[in-house]
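Okay, so here's the structure we're looking at.
Every number in this text was worked out from the coordinates using simple rules, so none of it is lab data. Since this is a predicted model, take the numbers as computed values, not measurements.
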Amino acid sequence: MSTPNLCTLNILLADDGSAHSKAAIKLLGDLPLDEQSLIKALRVFTPSDTADVWLLERTLELTEKALKEQGKRVESEIILGHPAEKIIEVAQEYNASMIVIGAKGLRATFGILLGGVVQQVVEHADLPVLVVREPYNGLKRVLFTVDGSEQSNNMIGCMGDFPFPNGVEFDILHVAPPIPSEQEIVQYWPSGLDTSFTIPIDEIREKIEERAKEEEARGKEMLLEARETLRENGIEAQISFMRGDGATEIIEYAKDRRIDLIVSGGRGLGPVRSWILGSVSRKLLHYAPCSVMVVKGEKEDD
C-alpha cells in the first residue's frame, strides 16, 4: 500500500456534530484543496440512534453547508452500523486519500482523552488519519517527527503533496533516547562473593559517551535527510535534536512552540493479526495539545 496523493484525491470526514468534529470542518476549510478534491461527510448511526435519525440528518446537512460555504466540493451520507468499521469500510470504497475525524465524539466517556471510535479508526485504517482537536485556531506551525523508520520516511516523503495553507512554519524533530547514567548501569553489574573483578567505571563511561555520540550523529543525519526531502517538495523547515522519552519530549516541544499539528509515522499490521500503532504515536493521539496526523507505511502481509 503506497501513500496516496493527499492533495488531489478524496477526503472522508467522519462527522458526529461534536466540538472536535466542528474543528475538523474549520481545518478542512483552511486547506487549499485541489479543485478536483471531494470531501465526503459521513455520519454513522447505531440501532439505538434510530429514533433520532432525522436530527442526525439535519446536523449532517449543516456540516455539508458549512464546507460548501468554504468553497469545498462536498457530498454526504448517513449509514447504519458500527462507527469505526463503517468509517474504514466507506473510506476504502470511496478510495479516500485520508480520513479526517474529531479527537473525541459526543458520547466519549468523561476522563477518556481519546474517543473509542477514534482509537479504532487510527489503529485499523491503512491510510493517513488526521485527528483534529479543538480549539482550532488555524494551521500556523506544523511539526514533523522523525525516527528513521520506514513509516517515518514514508510520512516525510508524502508531505509535499499535503495542501498546507500559505504561511505555515515547519519544524522537524528527532528525539534520541536518554543517556543512561553510570549509576543506572552499575546497579545491573554482576556483584557478590563470586565476582572476582571490579566494576570498570572508566570503560563504562567511555562506552556511554561513544554510544551517545553515535546516536546524536545518526539523529542529526536523519534530520538533515528529512529537511532535504521536504525542501525538494517546496517545504522549508527548521530541525531540532532532543533527548528523552519520545512522546514526552514531542508533547513539551509542541506546547513550547505552539504547534498546531503534529505529523507522525505509524505502524499497522494485517487484518488477521491485531493492529498495532507505535507507542509514541498512540501517546501523541491521547495527550498532545493539538491535532495529530498519523501516516502509516506499507501494510504487512498476513
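Using modelled backbone amide H atoms (1.01 Å from N, in-plane), which distant-in-sequence or interchain residues come within less than 5 Å of R243's amide H?
Answer set, sorted by chain and number: A176.
Quick one: of K22/K104; K86/K140; K65/K255, which pairs are farther than 22 Å apart, Cα to Cα? Intermediate values should be presented prior to the final figure.
Details: K22/K104 11 Å; K86/K140 32 Å; K65/K255 33 Å.
Among K22/K104; K86/K140; K65/K255, the Cα-Cα distance tops 22 Å for K86/K140; K65/K255.
Using the Karplus equation 6.51 cos²θ - 1.76 cosθ + 1.60 (θ = phi - 60°), what ³J(HN,Hα) coupling, rounded to whole Hz, does each residue of the stretch 71-82 give in order, writing x for Gly and Pro?
Whole-Hz 3J(HN,Hα) from phi for the stretch 71-82: x, 9, 7, 9, 9, 9, 8, 10, 9, 9, x, 6.
What are the residues whose amide H is under 5 Å from the amide H of M293, where those residues sit 5 or more places off or on another chain and H is modelled from the backbone?
Answer set, sorted by chain and number: V131, I262, V263, S264.
Amide H to amide H, which residues 5 or more places from E169 or on other chains are under 5 Å from it, using H placed in the peptide plane?
Excluding prolines and chain starts, which carry no amide H, the hits are R141, V142.
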